[in-house]
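Since the structure comes first, as structure tokens, the remarks are kept for the end.
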Amino acid sequence: MTTFIDPYASSQETTEGRVYSVTGGDWDSLVTEIGATKEERVVVNMGPQHPSTHGVLRLILELEGETITEARCGIGYLHTGIEKNTEYRNWTQGVTFVTRMDYLSPIFNETAYCLGVEKLLGITNDITERATVLRVMMMEFNRISSHMVALGTGALELGALSPMIFAFREREKVLDIFELVSGLRMNMAYVRPGGVAQDLPEGALSKIKQTVKDLRHNFKDNEKLLVGNSIWIKRTQGIGYLDLAGCTTLGITGPVLRSTGLAWDLRKAQPYCGYEDYKFDIPTTDTCDVYGRFLIRMQELEQSLRIIEQCVVKLEKLEGQPVMVADKKIAWPSQLSVGADGMGNSLNHIREIMGESMEALIHHFKLVTEGFRVPAGQVYTAIESPRGELGVNLVSDGGTRPYRVHFRDPSFNNLQSTSAMCEGGQISDVVAAVASIDPVMGGVDR
Amino acid sequence: MSEKGMFGVSGSGDTSGFSGLVNSAVVTGSTQRPFGAYFDQVADDLERAYPLFSDAIEKVVVDRGELTLFVKRDRLFDVAKILRNELRFEMCVGVNGVHYPNESGRELHAIYSLLSITRNQRIRLEVCVSDNDPHIPSLVEVWAGTNWHERETYDMFGIIFDNHPGLTRIMMPDDWPGHPQRKDYPLGGIEIEYKGATIPAPSERRSYR
């Protein structure tokens, strides 16, 4: 053994045995050193900083050669205490926090939260149809952008670069729609308790129609690249196996559950936001593997486009309907609008409260600083996010701030299946299996 | 010299929450039959499958179209097993903790959301324990998926789930003191050190006097 200390591959004694730190560079000294030990078992830390673990996920892998004997996840590296923070803000401000949890599906976080607040308030049926249709349309656009990241990065991690380029090209188109409608591309805080922040701007529907057309055409590029591609199939078929029994006991939902052949989708099973009025199918496969989950995501893109088209038809009919609940004691007082420099207060509203009506100013001030009171109680609302069941536990003590906000994030729950999917497999397949779960660490750690 | 609020407000007068929140307790009554919707059927099925029903269930609450069964801690494991095996609540979608410091003897609540795919129904179990004895039997043996959720609830509230296969912190670092989601835990309670200078925690930084 050499006494030379390699700055890229040093080692030290710990209570758990000898630990080698590898940060790149020359591996030769490490190989000689490890070769001198008798131990066959190797524990490898993959992450939390690793390009193929979808953010700051740490995988602790115990290896015998290339085979994984034990796989564990270490999470919490992105814990930001969002749930605690919401308890110190009023119910409307909560939207701005929760949208940052699962940052790839912000609209879903907002909608699930707002449905919960509205259930506590007892105004679920008072939400205008236009607001609900707008929510559905934005959610389905968001499902597309989220699946695009799942497909693009999933392929990238397995060494296929072109699908990522195409996927992010399509995602950009969806983000443009988000920017057009809400003023922001991510973390929009667009869905608010009582409705949505603002109505569609002028000419938005024709832009949306064009985008739907473009997306449908462009999705074919990725389909041609991956579906039936023999290298892709070899890397994904039979990998990350998890059957129905495994899914139910681990509480797994979303594409992973649907890859076992069970058509369980909350949009159909327990409809919310009027999903029962839309025509769409639930794609399933019965392969229980990574390839099946990939196919499901590909097909869900088309189903989302179908729903968006139906939304556009509805929105044309509902032109002029308000997008916020009529109750002025709940509805956000200022009428927001998207200007050249992003979202802001409407000038008409500013003129009214600053120059015309003292009462309107008081009302605005009370509602914005203190917020509305929410009757005491506890609710659970669940919606189908791109990753599965996104549940929100809300507790109110009757005040203007939440007593407890808890998100049951699908990524957090589904990541538990890593051990079941990876143990006994090869180390290179871990990457494929984790990518098929599509965990978003912002949602996992919250 | 005693200080008075700038606008003569009573109570804490704090709209930021940084100088400590005053929370009122949430009191939930119990619901009597008929519960409505499918809840009667669930209760009937559970009573049939589990003769100790009246002993195990402290109270039933139906609120805003959702059913909550308050289960005694000692019976939780049995009730969960029956619900899964006999009543086909195949999934426990999550565990959620809530801290009610004003409910003496029942400060910590653990809430289990159950989902049955077969019946297409949801119910909720709630278990209340005291701060001094925060033990609840783990349900990992019944639903393996509660593993991480119980770890999270332990991490955030300090509820100890007995017989859990590895009850360690999951979000916070292993050596973290305290349980952040409890109501007596301040928001942003740690000081931030940057280039030698220390910036006080938000809870220390602002006061609205």
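A:Ser428 versus (1) modelled with pLDDT of 90 or more; (2) part of a helix (DSSP H, G or I): which is the lone unmet condition? For A:Ser428, the exception is condition (1). Scanning the stretch A:292-311 for residues that are open to solvent by 10 Å² or more (accessible area, probe 1.4 Å) and more than 19 Å from the chain's Cα centre (by Cα) returns A:Arg306, A:Glu309, A:Gln310.
Listed here are the residues, each with its yes/no results for (1) surrounded by fewer than 19 Cβ atoms within 10 Å (Cβ to Cβ); (2) touching a helix residue (DSSP H, G or I) at 6+ places or on another chain (Cβ under 7 Å).
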| position | (1), (2) |
| --- | --- |
| A:Gly240 | no, yes |
| A:Ala245 | yes, no |
| A:Ser259 | no, yes |
| A:Asp277 | yes, no |
| A:Phe280 | yes, yes |
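B:Val79 meets all of the listed conditions (1) within 30 Å of A:Pro271 (Cβ to Cβ); (2) touching a Pro at 6+ places or on another chain (Cβ under 6 Å); (3) not charged (D, E, K, R) but one, namely (2).
So which of A:Asp214, A:Asp199, A:Asp221 ends up being more than 25 Å from A:Thr153 (Cβ to Cβ), among the acidic types (Asp, Glu) and open to solvent by 10 Å² or more (accessible area, probe 1.4 Å)? Just a single option satisfies the conditions, and that option is A:Asp199.
Of the residues A:Thr381, A:Thr400, which is closer than 25 Å to B:Gln121 by Cβ, open to solvent by 10 Å² or more (accessible area, probe 1.4 Å) and of a type in the set (Val, Ile, Thr)? The unique qualifying residue is A:Thr381.
Evaluated against (1) under 21 Å from A:Val290 (Cβ atoms); (2) of a type outside the set (S, T, N, Q); (3) open to solvent by 40 Å² or more (accessible area, probe 1.4 Å), A:Arg169 falls short on exactly one condition, (1). Tell me, yes or no, whether the stretch A:354-370 has at least one residue that is touching a His at 6+ places or on another chain (Cβ under 9 Å), within 27 Å of A:Gly94 (Cβ to Cβ), surrounded by 12 or more Cβ atoms within 10 Å (Cβ to Cβ) and outside the structural domain of A:Glu129 (by TED's automatic domain parsing). Within the stretch A:354-370, one or more residues are touching a His at 6+ places or on another chain (Cβ under 9 Å), within 27 Å of A:Gly94 (Cβ to Cβ), surrounded by 12 or more Cβ atoms within 10 Å (Cβ to Cβ) and outside the structural domain of A:Glu129 (by TED's automatic domain parsing).
Filtering A:Ala245, A:Ala269 for residues that are within 21 Å of the chain's Cα centre (by Cα) and free of Cβ contacts under 8 Å to residues at least 24 places away in the same chain leaves a single hit, A:Ala269. A single member of A:Asp445, A:Asp409 is within 30 Å of B:Asn102 (Cα to Cα), within 8 Å of another protein chain (Cβ to nearest Cβ) and under 13 Å from the mean Cα position of the chain (by Cα), and it is A:Asp445.
Residues in the stretch A:194-238 that are of a type outside the set (A, V, I, L, M, F, W, C) and touching a Leu at 6+ places or on another chain (Cβ under 7 Å) were compared, and the one that is modelled with the lowest pLDDT is A:Asn222. Pairs meeting the criteria (first residue in the stretch A:314-327 and of a type in the set (D, E, K, R), second residue modelled with pLDDT of 85 or more, beta carbons under 8 Å, at least 6 apart or on different chains) are A:Lys314/A:Glu129; A:Lys314/A:Val133; A:Glu316/A:Leu205; A:Asp327/A:Ile123; A:Asp327/A:Asp126; A:Asp327/A:Gly194. Residues considered: A:Thr124, A:Thr96, A:Thr128, A:Thr132. Of these, the only one that is hydroxyl-bearing (Ser, Thr, Tyr), open to solvent by 10 Å² or more (accessible area, probe 1.4 Å), assigned by TED's automatic domain parsing to the domain that holds A:Lys207 and farther than 27 Å from A:Glu83 by Cβ is A:Thr128. If you go through the stretch A:74-85 and keep only what is touching a residue at least 60 places away in the same chain (Cβ under 8 Å) and in contact with a strand residue (DSSP E or B) (Cβ under 6 Å, 6 or more places away or on another chain), you end up with just A:Glu83. Of the strands (runs of 3 or more DSSP E) lying entirely inside the stretch B:117-209, those carrying at least 2 residues that are more than 10 Å from chain A (Cβ to nearest Cβ), modelled with pLDDT of 90 or more and under 29 Å from B:Asn85 (Cβ atoms) are B:121-129, B:135-137, B:160-162. Taking the listed residues A:Glu110, A:Glu140, the one that is acidic (Asp, Glu), crowded, with 17+ Cβ neighbours inside 10 Å, out of contact with any strand residue (DSSP E or B) (no Cβ under 8 Å at 6 or more places or on another chain) and assigned to a helix (DSSP H, G or I) is A:Glu140, with no other qualifying. None of A:Val430, A:Val440, A:Val368 is farther than 26 Å from B:Gly65 by Cβ and touching a Cys at 6+ places or on another chain (Cβ under 9 Å) except A:Val430. When you scan the stretch A:422-431, do you find a residue that is surrounded by fewer than 17 Cβ atoms within 10 Å (Cβ to Cβ), in contact (Cβ under 8 Å) with a residue 40 or more places away in the chain and either at positive phi or within 12 Å of chain B (Cβ to nearest Cβ) (or both), even just one? Yes: the stretch A:422-431 contains one or more residues that are surrounded by fewer than 17 Cβ atoms within 10 Å (Cβ to Cβ), in contact (Cβ under 8 Å) with a residue 40 or more places away in the chain and either at positive phi or within 12 Å of chain B (Cβ to nearest Cβ) (or both).
The values are calculated or read from the model by the stated rules, or taken from the named source; none is laboratory data. Fair warning: this is a prediction, and the values are worked out from it, not measured in the lab. Positions of Cβ are backbone-derived with ideal geometry, glycine not excepted, and every protein chain shown enters the neighbour counts. Note: accessible area is taken over every heavy atom of the protein model, side chains too, but ligands, DNA and RNA are not part of it. Shrake-Rupley method; radii C 1.70, N 1.55, O 1.52, S 1.80 Å.
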